[in-house]
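The values are calculated or read from the model by the stated rules, or taken from the named source; none is laboratory data. The structure displayed is predicted, hence computed values, not measured ones. A quick note on method: Cβ atoms are made from the backbone with ideal geometry, for glycine too, and the neighbour counts reach across all protein chains shown. For accessibility, only protein heavy atoms count, side chains too; no ligands or nucleic acids. Shrake-Rupley method; radii C 1.70, N 1.55, O 1.52, S 1.80 Å.
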Amino acid sequence: MAEKKWPETWQEINPGLMVFKPASARSYLTGGWRAQKPILDNTKCIKCGVCYLFCPEGCITEDAEGYFMADLNYCKGCGICYHECWPRAIKMVED
Amino acid sequence: MKGIVENFDLYAPKLVDKEEYFSSGHRACQGCGEALAVRLMCKGLGKDTVITNATGCMEVISSLYPTTAWKLPWIHVAFPNSAAVGAGVESALKVLRRKGKIADRDVKTVSIGGDGGSVDIGFQAISGSMERGHNMIYVCFDNEAYMNTGIQRSGATPFGASTTTAPAGAASVGNKTWKKNMPEIMVAHNVPYVATACHSYPIDFINKVKKARSVKGPAYIHCLAVCPTGWRSSSDTCIKLGRLAVETGFFPLYEVENGKYRLTIEMPKKLRPVEDYLKLQGRFRHLTPDQMKQFQERVTLEYKKLMNKVKYSKSWLEM
(Lines give C-alpha, C1' and ligand atoms only; values in the text may rest on other atoms or scores of the structure.)
Protein backbone atom coordinates (compact mmCIF):
# COMPACT_ATOMS: atom_id res chain seq x y z
CA MET A 1 0.00 0.00 0.00
CA ALA A 2 1.29 3.42 -0.86
CA GLU A 3 2.18 5.54 2.13
CA LYS A 4 -0.46 8.12 2.96
CA LYS A 5 0.54 11.73 2.96
CA TRP A 6 -1.55 12.54 6.02
CA PRO A 7 -4.13 10.75 8.21
CA GLU A 8 -7.51 10.56 6.51
CA THR A 9 -9.74 9.81 9.51
CA TRP A 10 -9.41 10.64 13.18
CA GLN A 11 -8.71 6.98 14.04
CA GLU A 12 -5.44 7.20 12.11
CA ILE A 13 -4.14 10.10 14.18
CA ASN A 14 -1.42 9.16 16.68
CA PRO A 15 -2.11 9.92 20.36
CA GLY A 16 -0.75 13.33 21.25
CA LEU A 17 -0.26 14.06 17.54
CA MET A 18 3.13 12.41 17.75
CA VAL A 19 5.16 12.18 14.57
CA PHE A 20 7.45 9.16 14.42
CA LYS A 21 9.44 9.97 11.32
CA PRO A 22 12.25 12.47 11.96
CA ALA A 23 12.83 15.21 9.39
CA SER A 24 9.69 14.26 7.45
CA ALA A 25 9.30 17.94 6.48
CA ARG A 26 11.66 17.09 3.64
CA SER A 27 8.65 15.64 1.85
CA TYR A 28 7.29 19.20 1.57
CA LEU A 29 9.16 21.03 -1.17
CA THR A 30 9.37 24.73 -0.43
CA GLY A 31 11.11 25.53 -3.72
CA GLY A 32 7.81 26.71 -5.21
CA TRP A 33 7.85 29.79 -2.98
CA ARG A 34 10.79 31.18 -4.89
CA ALA A 35 10.78 34.22 -7.15
CA GLN A 36 14.54 34.31 -7.76
CA LYS A 37 17.02 31.49 -7.80
CA PRO A 38 20.73 31.55 -6.95
CA ILE A 39 23.26 30.65 -9.63
CA LEU A 40 26.58 29.54 -8.13
CA ASP A 41 29.59 30.28 -10.32
CA ASN A 42 32.33 27.73 -9.62
CA THR A 43 35.03 29.75 -11.40
CA LYS A 44 34.78 32.50 -8.77
CA CYS A 45 34.07 30.23 -5.80
CA ILE A 46 36.86 29.98 -3.22
CA LYS A 47 35.12 27.12 -1.37
CA CYS A 48 34.87 29.03 1.90
CA GLY A 49 31.38 27.77 2.75
CA VAL A 50 29.86 31.05 3.89
CA CYS A 51 26.75 30.37 1.77
CA TYR A 52 26.40 26.95 3.38
CA LEU A 53 26.66 28.36 6.89
CA PHE A 54 24.23 31.25 6.39
CA CYS A 55 21.45 29.40 4.50
CA PRO A 56 18.34 29.35 6.75
CA GLU A 57 16.99 26.36 4.81
CA GLY A 58 20.15 24.31 5.08
CA CYS A 59 19.69 23.52 1.39
CA ILE A 60 23.24 24.32 0.29
CA THR A 61 25.48 21.26 0.27
CA GLU A 62 29.10 20.57 -0.54
CA ASP A 63 29.88 18.35 -3.52
CA ALA A 64 32.79 15.93 -3.90
CA GLU A 65 35.13 18.63 -5.23
CA GLY A 66 34.41 21.01 -2.37
CA TYR A 67 32.21 23.39 -4.38
CA PHE A 68 28.79 24.30 -3.02
CA MET A 69 25.42 23.89 -4.67
CA ALA A 70 21.87 24.85 -3.71
CA ASP A 71 19.10 22.24 -3.66
CA LEU A 72 16.43 24.08 -5.63
CA ASN A 73 13.71 21.79 -4.27
CA TYR A 74 13.98 23.66 -0.97
CA CYS A 75 15.61 27.03 -1.79
CA LYS A 76 13.13 29.84 -1.04
CA GLY A 77 15.21 32.44 -2.87
CA CYS A 78 15.85 34.78 0.06
CA GLY A 79 19.14 36.02 -1.39
CA ILE A 80 21.22 35.70 1.80
CA CYS A 81 23.89 33.64 0.01
CA TYR A 82 24.02 36.23 -2.79
CA HIS A 83 24.42 39.06 -0.29
CA GLU A 84 27.03 37.32 1.88
CA CYS A 85 29.22 35.75 -0.82
CA TRP A 86 32.08 38.21 -0.88
CA PRO A 87 33.89 36.85 -3.97
CA ARG A 88 30.53 37.56 -5.69
CA ALA A 89 30.26 34.03 -7.03
CA ILE A 90 26.48 33.90 -6.59
CA LYS A 91 23.97 35.71 -8.79
CA MET A 92 20.21 35.86 -8.32
CA VAL A 93 18.15 35.44 -11.49
CA GLU A 94 14.41 35.34 -12.07
CA ASP A 95 13.14 31.79 -11.82
CA MET B 1 50.83 35.33 11.68
CA LYS B 2 47.75 37.51 11.43
CA GLY B 3 47.10 36.24 7.91
CA ILE B 4 46.91 32.64 9.08
CA VAL B 5 44.34 33.47 11.72
CA GLU B 6 42.26 35.39 9.19
CA ASN B 7 42.31 32.42 6.84
CA PHE B 8 41.25 30.17 9.66
CA ASP B 9 38.20 32.35 10.24
CA LEU B 10 37.46 32.41 6.53
CA TYR B 11 37.41 28.65 6.18
CA ALA B 12 35.85 27.96 9.59
CA PRO B 13 32.47 26.97 8.01
CA LYS B 14 34.23 23.84 6.73
CA LEU B 15 34.80 22.70 10.33
CA VAL B 16 31.17 22.92 11.40
CA ASP B 17 29.17 19.72 11.93
CA LYS B 18 27.68 18.81 8.52
CA GLU B 19 24.67 17.00 9.96
CA GLU B 20 21.41 18.95 9.66
CA TYR B 21 19.28 18.42 12.77
CA PHE B 22 16.78 21.02 11.59
CA SER B 23 15.95 19.81 8.11
CA SER B 24 14.99 21.64 4.94
CA GLY B 25 11.30 21.82 4.13
CA HIS B 26 10.32 23.84 7.19
CA ARG B 27 7.85 26.63 6.44
CA ALA B 28 9.75 29.69 7.67
CA CYS B 29 9.52 32.92 5.66
CA GLN B 30 12.23 33.71 3.14
CA GLY B 31 15.40 34.81 4.89
CA CYS B 32 14.23 33.85 8.38
CA GLY B 33 17.01 34.60 10.84
CA GLU B 34 15.38 32.55 13.56
CA ALA B 35 15.33 29.37 11.46
CA LEU B 36 19.00 29.95 10.74
CA ALA B 37 19.73 30.45 14.43
CA VAL B 38 17.90 27.21 15.34
CA ARG B 39 19.82 25.34 12.66
CA LEU B 40 23.14 26.66 14.01
CA MET B 41 22.14 25.92 17.60
CA CYS B 42 21.39 22.28 16.73
CA LYS B 43 24.78 21.99 15.05
CA GLY B 44 26.38 23.14 18.29
CA LEU B 45 24.32 20.80 20.47
CA GLY B 46 24.73 17.53 18.62
CA LYS B 47 22.43 14.53 18.75
CA ASP B 48 22.24 13.83 22.51
CA THR B 49 19.70 16.56 23.10
CA VAL B 50 16.05 16.90 24.05
CA ILE B 51 14.36 20.10 22.95
CA THR B 52 11.26 21.66 24.48
CA ASN B 53 9.76 24.44 22.42
CA ALA B 54 7.34 27.12 23.54
CA THR B 55 4.64 28.23 21.14
CA GLY B 56 5.93 30.65 18.56
CA CYS B 57 7.24 30.81 15.04
CA MET B 58 9.67 27.93 15.51
CA GLU B 59 6.94 25.59 16.65
CA VAL B 60 4.52 26.58 13.89
CA ILE B 61 6.94 26.42 10.99
CA SER B 62 8.78 23.25 11.99
CA SER B 63 5.96 20.90 12.91
CA LEU B 64 3.00 21.18 10.57
CA TYR B 65 1.21 17.91 11.19
CA PRO B 66 1.96 15.22 9.96
CA THR B 67 5.50 16.35 9.25
CA THR B 68 8.33 17.55 11.43
CA ALA B 69 11.58 19.29 10.55
CA TRP B 70 13.38 18.03 13.65
CA LYS B 71 15.83 15.16 13.85
CA LEU B 72 16.07 15.54 17.63
CA PRO B 73 13.53 14.54 20.30
CA TRP B 74 11.27 17.57 20.41
CA ILE B 75 8.17 18.50 22.36
CA HIS B 76 5.88 21.42 21.82
CA VAL B 77 4.45 22.98 24.97
CA ALA B 78 2.22 25.93 25.71
CA PHE B 79 3.40 29.51 25.57
CA PRO B 80 4.44 30.01 29.21
CA ASN B 81 6.03 26.74 30.26
CA SER B 82 8.88 25.79 27.96
CA ALA B 83 11.44 26.13 30.76
CA ALA B 84 9.19 24.30 33.26
CA VAL B 85 8.78 21.32 30.92
CA GLY B 86 12.52 21.41 30.21
CA ALA B 87 13.17 21.24 33.95
CA GLY B 88 10.78 18.28 34.21
CA VAL B 89 12.45 16.42 31.35
CA GLU B 90 15.85 17.01 32.91
CA SER B 91 14.69 15.68 36.30
CA ALA B 92 13.02 12.66 34.68
CA LEU B 93 16.17 11.78 32.74
CA LYS B 94 18.19 12.06 35.95
CA VAL B 95 15.86 9.68 37.81
CA LEU B 96 15.73 7.17 34.93
CA ARG B 97 19.52 7.22 34.76
CA ARG B 98 19.79 6.65 38.51
CA LYS B 99 17.42 3.69 38.33
CA GLY B 100 19.39 2.25 35.43
CA LYS B 101 16.48 2.33 32.99
CA ILE B 102 18.37 4.33 30.35
CA ALA B 103 22.01 4.27 29.34
CA ASP B 104 24.28 6.58 31.28
CA ARG B 105 24.83 9.21 28.61
CA ASP B 106 25.16 12.95 28.78
CA VAL B 107 21.79 14.03 27.36
CA LYS B 108 21.24 17.77 27.59
CA THR B 109 17.80 19.32 27.90
CA VAL B 110 17.39 22.50 25.92
CA SER B 111 14.36 24.77 26.18
CA ILE B 112 13.82 27.26 23.42
CA GLY B 113 11.33 30.06 22.99
CA GLY B 114 10.80 33.30 21.19
CA ASP B 115 11.05 36.65 22.89
CA GLY B 116 7.34 36.64 23.74
CA GLY B 117 7.60 33.15 25.24
CA SER B 118 10.70 34.09 27.23
CA VAL B 119 10.71 37.76 28.08
CA ASP B 120 6.97 38.23 28.68
CA ILE B 121 4.82 35.14 29.07
CA GLY B 122 7.29 32.41 30.01
CA PHE B 123 9.35 34.57 32.30
CA GLN B 124 8.33 33.03 35.62
CA ALA B 125 9.03 29.50 34.33
CA ILE B 126 12.54 30.50 33.24
CA SER B 127 13.15 32.31 36.49
CA GLY B 128 12.02 29.22 38.40
CA SER B 129 14.11 26.70 36.52
CA MET B 130 17.22 28.90 36.66
CA GLU B 131 16.76 29.46 40.38
CA ARG B 132 16.32 25.71 41.07
CA GLY B 133 19.59 25.06 39.24
CA HIS B 134 18.47 22.44 36.71
CA ASN B 135 21.19 21.15 34.41
CA MET B 136 19.68 22.65 31.25
CA ILE B 137 20.08 25.38 28.67
CA TYR B 138 17.50 28.01 27.84
CA VAL B 139 17.89 29.68 24.45
CA CYS B 140 15.74 32.73 23.71
CA PHE B 141 15.41 33.65 20.04
CA ASP B 142 14.69 37.34 20.20
CA ASN B 143 13.09 38.81 17.09
CA GLU B 144 11.76 41.77 19.04
CA ALA B 145 7.98 41.29 18.75
CA TYR B 146 5.29 38.59 18.58
CA MET B 147 6.01 37.86 14.92
CA ASN B 148 4.01 34.63 14.74
CA THR B 149 0.69 36.26 15.58
CA GLY B 150 1.28 39.40 13.53
CA ILE B 151 3.95 41.73 14.90
CA GLN B 152 2.50 42.77 18.27
CA ARG B 153 4.89 44.51 20.64
CA SER B 154 6.60 42.49 23.36
CA GLY B 155 8.88 43.36 26.25
CA ALA B 156 11.86 42.96 23.93
CA THR B 157 10.69 45.47 21.31
CA PRO B 158 13.07 48.45 21.15
CA PHE B 159 12.08 52.10 21.42
CA GLY B 160 10.50 53.59 18.31
CA ALA B 161 9.63 50.36 16.50
CA SER B 162 6.28 50.46 14.76
CA THR B 163 4.25 47.34 15.55
CA THR B 164 0.59 46.51 15.04
CA THR B 165 -0.26 47.17 18.69
CA ALA B 166 2.09 50.17 18.97
CA PRO B 167 1.73 51.76 15.54
CA ALA B 168 3.62 54.89 14.63
CA GLY B 169 1.52 57.89 13.68
CA ALA B 170 0.97 61.59 14.24
CA ALA B 171 0.70 61.22 18.02
CA SER B 172 2.97 58.20 18.60
CA VAL B 173 6.58 57.20 17.91
CA GLY B 174 5.58 53.56 17.90
CA ASN B 175 6.76 51.54 20.87
CA LYS B 176 7.45 53.92 23.76
CA THR B 177 9.45 51.62 26.04
CA TRP B 178 12.97 50.34 25.79
CA LYS B 179 14.02 46.71 25.34
CA LYS B 180 13.99 44.68 28.54
CA ASN B 181 17.52 43.64 29.46
CA MET B 182 16.88 39.92 29.79
CA PRO B 183 20.52 38.67 29.93
CA GLU B 184 21.11 41.01 32.86
CA ILE B 185 18.11 39.58 34.72
CA MET B 186 19.52 36.10 34.16
CA VAL B 187 22.92 37.19 35.50
CA ALA B 188 21.09 38.31 38.64
CA HIS B 189 19.88 34.69 39.07
CA ASN B 190 23.54 33.70 39.66
CA VAL B 191 23.49 31.44 36.64
CA PRO B 192 26.96 30.02 35.85
CA TYR B 193 26.77 30.87 32.15
CA VAL B 194 24.86 33.65 30.38
CA ALA B 195 25.62 34.81 26.86
CA THR B 196 24.21 36.95 24.09
CA ALA B 197 24.59 35.74 20.54
CA CYS B 198 23.52 36.51 17.01
CA HIS B 199 23.20 34.30 13.94
CA SER B 200 25.38 36.73 11.98
CA TYR B 201 28.36 35.47 14.00
CA PRO B 202 27.75 31.73 13.55
CA ILE B 203 31.05 30.36 14.84
CA ASP B 204 30.75 32.52 17.95
CA PHE B 205 27.16 31.32 18.45
CA ILE B 206 28.07 27.64 18.01
CA ASN B 207 30.99 28.02 20.45
CA LYS B 208 28.69 29.60 23.03
CA VAL B 209 26.16 26.78 22.66
CA LYS B 210 28.97 24.22 23.11
CA LYS B 211 30.22 26.05 26.18
CA ALA B 212 26.70 26.21 27.63
CA ARG B 213 26.34 22.47 26.98
CA SER B 214 29.50 21.70 28.93
CA VAL B 215 28.39 23.77 31.94
CA LYS B 216 27.00 21.75 34.86
CA GLY B 217 23.95 23.71 35.86
CA PRO B 218 21.65 26.17 34.14
CA ALA B 219 22.80 28.27 31.22
CA TYR B 220 21.03 31.01 29.34
CA ILE B 221 21.68 32.26 25.80
CA HIS B 222 19.92 35.28 24.34
CA CYS B 223 20.10 35.17 20.56
CA LEU B 224 19.08 38.12 18.40
CA ALA B 225 17.22 36.76 15.36
CA VAL B 226 16.43 39.07 12.46
CA CYS B 227 12.86 38.82 11.17
CA PRO B 228 12.62 40.38 7.68
CA THR B 229 8.81 40.16 7.75
CA GLY B 230 8.32 41.95 11.05
CA TRP B 231 11.23 44.33 10.73
CA ARG B 232 10.05 45.34 7.26
CA SER B 233 13.48 44.76 5.78
CA SER B 234 14.69 43.03 2.65
CA SER B 235 15.27 39.29 3.15
CA ASP B 236 18.81 39.33 1.78
CA THR B 237 19.99 41.87 4.39
CA CYS B 238 19.16 39.47 7.24
CA ILE B 239 22.80 38.71 8.09
CA LYS B 240 23.87 42.30 7.50
CA LEU B 241 21.28 43.61 9.98
CA GLY B 242 22.50 41.24 12.68
CA ARG B 243 26.04 42.39 12.08
CA LEU B 244 24.99 46.06 12.20
CA ALA B 245 23.12 45.50 15.47
CA VAL B 246 26.41 44.33 16.97
CA GLU B 247 28.66 46.94 15.36
CA THR B 248 26.44 49.86 16.39
CA GLY B 249 26.50 48.67 20.00
CA PHE B 250 22.75 48.08 20.01
CA PHE B 251 23.22 44.38 20.75
CA PRO B 252 26.79 43.72 21.94
CA LEU B 253 27.88 40.09 22.07
CA TYR B 254 29.22 39.11 25.45
CA GLU B 255 29.28 36.19 27.84
CA VAL B 256 29.10 36.13 31.61
CA GLU B 257 30.93 33.20 33.10
CA ASN B 258 30.53 32.94 36.89
CA GLY B 259 29.93 36.66 37.07
CA LYS B 260 32.85 37.68 34.85
CA TYR B 261 31.80 39.72 31.78
CA ARG B 262 33.75 39.27 28.57
CA LEU B 263 33.14 40.62 25.07
CA THR B 264 33.38 37.73 22.62
CA ILE B 265 33.58 39.74 19.40
CA GLU B 266 36.20 42.39 18.90
CA MET B 267 34.22 45.64 18.86
CA PRO B 268 35.31 48.56 16.68
CA LYS B 269 37.07 51.34 18.63
CA LYS B 270 34.43 53.80 17.49
CA LEU B 271 30.94 52.37 17.22
CA ARG B 272 29.00 52.85 14.00
CA PRO B 273 26.15 55.37 14.23
CA VAL B 274 22.89 53.66 15.03
CA GLU B 275 21.25 55.29 11.99
CA ASP B 276 23.04 52.73 9.79
CA TYR B 277 21.08 50.02 11.55
CA LEU B 278 17.75 51.86 11.72
CA LYS B 279 17.52 53.08 8.16
CA LEU B 280 17.52 49.56 6.72
CA GLN B 281 14.32 48.69 8.58
CA GLY B 282 10.82 49.81 7.67
CA ARG B 283 9.66 49.64 11.28
CA PHE B 284 11.95 52.62 12.10
CA ARG B 285 11.20 54.55 8.92
CA HIS B 286 9.12 57.22 10.69
CA LEU B 287 11.79 58.23 13.25
CA THR B 288 12.76 61.93 13.15
CA PRO B 289 16.42 63.02 13.65
CA ASP B 290 15.55 64.01 17.23
CA GLN B 291 14.16 60.58 18.02
CA MET B 292 17.16 58.94 16.38
CA LYS B 293 19.38 61.04 18.63
CA GLN B 294 17.40 59.84 21.65
CA PHE B 295 17.88 56.25 20.41
CA GLN B 296 21.60 56.82 19.93
CA GLU B 297 22.00 58.29 23.43
CA ARG B 298 20.30 55.30 25.01
CA VAL B 299 22.39 52.81 23.01
CA THR B 300 25.61 54.63 23.99
CA LEU B 301 24.60 54.68 27.65
CA GLU B 302 23.79 50.94 27.67
CA TYR B 303 27.06 50.19 25.94
CA LYS B 304 29.03 52.25 28.46
CA LYS B 305 27.30 50.42 31.32
CA LEU B 306 28.31 47.12 29.76
CA MET B 307 31.91 48.20 29.14
CA ASN B 308 32.13 49.25 32.76
CA LYS B 309 31.12 45.73 33.80
CA VAL B 310 33.55 44.17 31.33
CA LYS B 311 36.35 46.26 32.82
CA TYR B 312 35.67 45.78 36.52
CA SER B 313 33.79 42.50 36.99
CA LYS B 314 35.61 39.51 38.46
CA SER B 315 34.75 35.84 38.41
CA TRP B 316 33.19 34.84 41.73
CA LEU B 317 35.47 31.79 41.80
CA GLU B 318 38.42 34.18 42.29
CA MET B 319 36.81 36.21 45.08
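Among what's in segment B:96-123 and is in a helix (DSSP H, G or I) and not aliphatic (A, V, I, L, M), pick the residue that is nearest to B:A245 (Cα to Cα). Write out each step before concluding.
The initial filter retains those residues of segment B:96-123 that are in a helix (DSSP H, G or I), namely B:96-98, B:115-120, B:123.
Pick out the ones that are also not aliphatic (A, V, I, L, M) and you get B:97-98, B:115-118, B:120, B:123.
Values: B:R97: 43, B:R98: 45, B:D115: 17, B:G116: 20, B:G117: 22, B:S118: 21, B:D120: 22, B:F123: 24 Å.
Within segment B:96-123, the match that is nearest to B:A245 (Cα to Cα) is B:D115.
Filter segment B:208-238 down to residues that are over 28 Å from B:Q281 (Cβ atoms) and surrounded by fewer than 24 Cβ atoms within 10 Å (Cβ to Cβ), then give me how many there are.
The total comes to 7.
Which of (1) within 14 Å of chain A (Cβ to nearest Cβ); (2) over 22 Å from B:T149 (Cα atoms); (3) open to solvent by 60 Å² or more (accessible area, probe 1.4 Å) is the odd one out, the single condition B:I75 does not satisfy?
Condition not satisfied by B:I75: (2).
Given (1) buried (at least 23 other Cβ atoms within 10 Å of the Cβ); (2) closer than 26 Å to B:N81 by Cβ, identify the lone condition not met by B:R27.
Against the list (1) buried (at least 23 other Cβ atoms within 10 Å of the Cβ); (2) closer than 26 Å to B:N81 by Cβ, B:R27 comes up short only on (1).
Based on what the data block shows, is B:E318 away from chain A (no Cβ under 14 Å), of a type outside the set (A, V, I, L, M, F, W, C) and either within 28 Å of B:R39 (Cβ to Cβ) or under 20 Å from the mean Cα position of the chain (by Cα) (or both)?
When the stated conditions are applied, B:E318 does not pass them.
For (1) crowded, with 23+ Cβ neighbours inside 10 Å; (2) within 13 Å of A:R34 (Cβ to Cβ); (3) at pLDDT 90 or above, each residue gets a yes or a no:
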site	(1), (2), (3)
A:G49	no, no, no
A:G66	no, no, no
A:D71	no, yes, yes
A:H83	no, no, yes
A:P87	no, no, no
A:K91	no, no, yes
A:D95	no, yes, no
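In segment A:2-37, which residue that is more than 10 Å from every other protein chain (Cβ to nearest Cβ) and assigned to a loop (DSSP other than H, G, I, E, B) is most open to solvent (accessible area, probe 1.4 Å)? First the steps, then the outcome.
First, pick out the residues of segment A:2-37 that are more than 10 Å from every other protein chain (Cβ to nearest Cβ): A:2-3, A:8-11, A:15, A:32, A:37.
Then drop every residue that is not assigned to a loop (DSSP other than H, G, I, E, B), which leaves A:2-3, A:8-9.
Values: A:A2: 83, A:E3: 154, A:E8: 129, A:T9: 66 Å².
This residue is A:E3.
Of all residues being of a type in the set (A, V, I, L, M, F, W, C) and open to solvent by 30 Å² or more (accessible area, probe 1.4 Å) in segment B:40-66, which is nearest to the other protein chains (Cβ to nearest Cβ)? Just the residue, please.
B:L64
On the basis of being out of contact with any Asp or Glu (no Cβ under 9 Å at 6 or more places or on another chain), in a helix (DSSP H, G or I) and of a type in the set (A, V, I, L, M), does B:M58 make the cut?
No: the conditions fail for B:M58.
Being in contact (Cβ under 8 Å) with a residue 60 or more places away in the chain and touching a strand residue (DSSP E or B) at 6+ places or on another chain (Cβ under 9 Å) is the filter here; which residues of segment B:157-185 pass it?
Answer for segment B:157-185, where residues must be in contact (Cβ under 8 Å) with a residue 60 or more places away in the chain and touching a strand residue (DSSP E or B) at 6+ places or on another chain (Cβ under 9 Å): B:F159, B:G160, B:A161, B:S162, B:T163, B:G174, B:M182, B:P183.
Looking at B:G88, B:G114, B:G174, which is the one that is under 21 Å from B:H222 (Cβ atoms) and at pLDDT 90 or above?
Testing whether each residue is under 21 Å from B:H222 (Cβ atoms) and at pLDDT 90 or above leaves just B:G114.
Would a scan of segment B:257-280 turn up a residue that is β-branched (V, I, T), on the phi < 0 side of the Ramachandran plot and open to solvent by less than 30 Å² (accessible area, probe 1.4 Å)?
Yes; the residues of segment B:257-280 include at least one that is β-branched (V, I, T), on the phi < 0 side of the Ramachandran plot and open to solvent by less than 30 Å² (accessible area, probe 1.4 Å).
Considering only residues of segment A:38-70 that are at the interface with chain B (Cβ under 7 Å from one of its Cβ atoms) and not hydrophobic (A, V, I, L, M, F, W, C), which is farthest from B:Q30 (Cα to Cα)? Outline the logic, then answer.
Looking only at segment A:38-70, we keep the residues that are at the interface with chain B (Cβ under 7 Å from one of its Cβ atoms), and these are A:48-50, A:52-54, A:56-59.
When the remaining residues are screened for being not hydrophobic (A, V, I, L, M, F, W, C), the result is A:49, A:52, A:56-58.
Details: A:G49: 20, A:Y52: 16, A:P56: 8, A:E57: 9, A:G58: 12 Å.
The selected residue is A:G49.
Quick one: count up the residues across segment A:38-68 that are in contact with a strand residue (DSSP E or B) (Cβ under 9 Å, 6 or more places away or on another chain), farther than 19 Å from B:G33 by Cβ, among the acidic types (D, E) and assigned to a loop (DSSP other than H, G, I, E, B).
Summing the residues that are in contact with a strand residue (DSSP E or B) (Cβ under 9 Å, 6 or more places away or on another chain), farther than 19 Å from B:G33 by Cβ, among the acidic types (D, E) and assigned to a loop (DSSP other than H, G, I, E, B) in segment A:38-68 gives 2.
Here are some residues: B:I121, B:I137. Which one is modelled with pLDDT of 95 or more, among the aliphatic types (A, V, I, L, M) and either open to solvent by less than 20 Å² (accessible area, probe 1.4 Å) or touching a Pro at 6+ places or on another chain (Cβ under 6 Å) (or both)? Write out each step before concluding.
Values: B:I121 fails: modelled with pLDDT of 95 or more.
After applying the criteria, what remains is B:I137.
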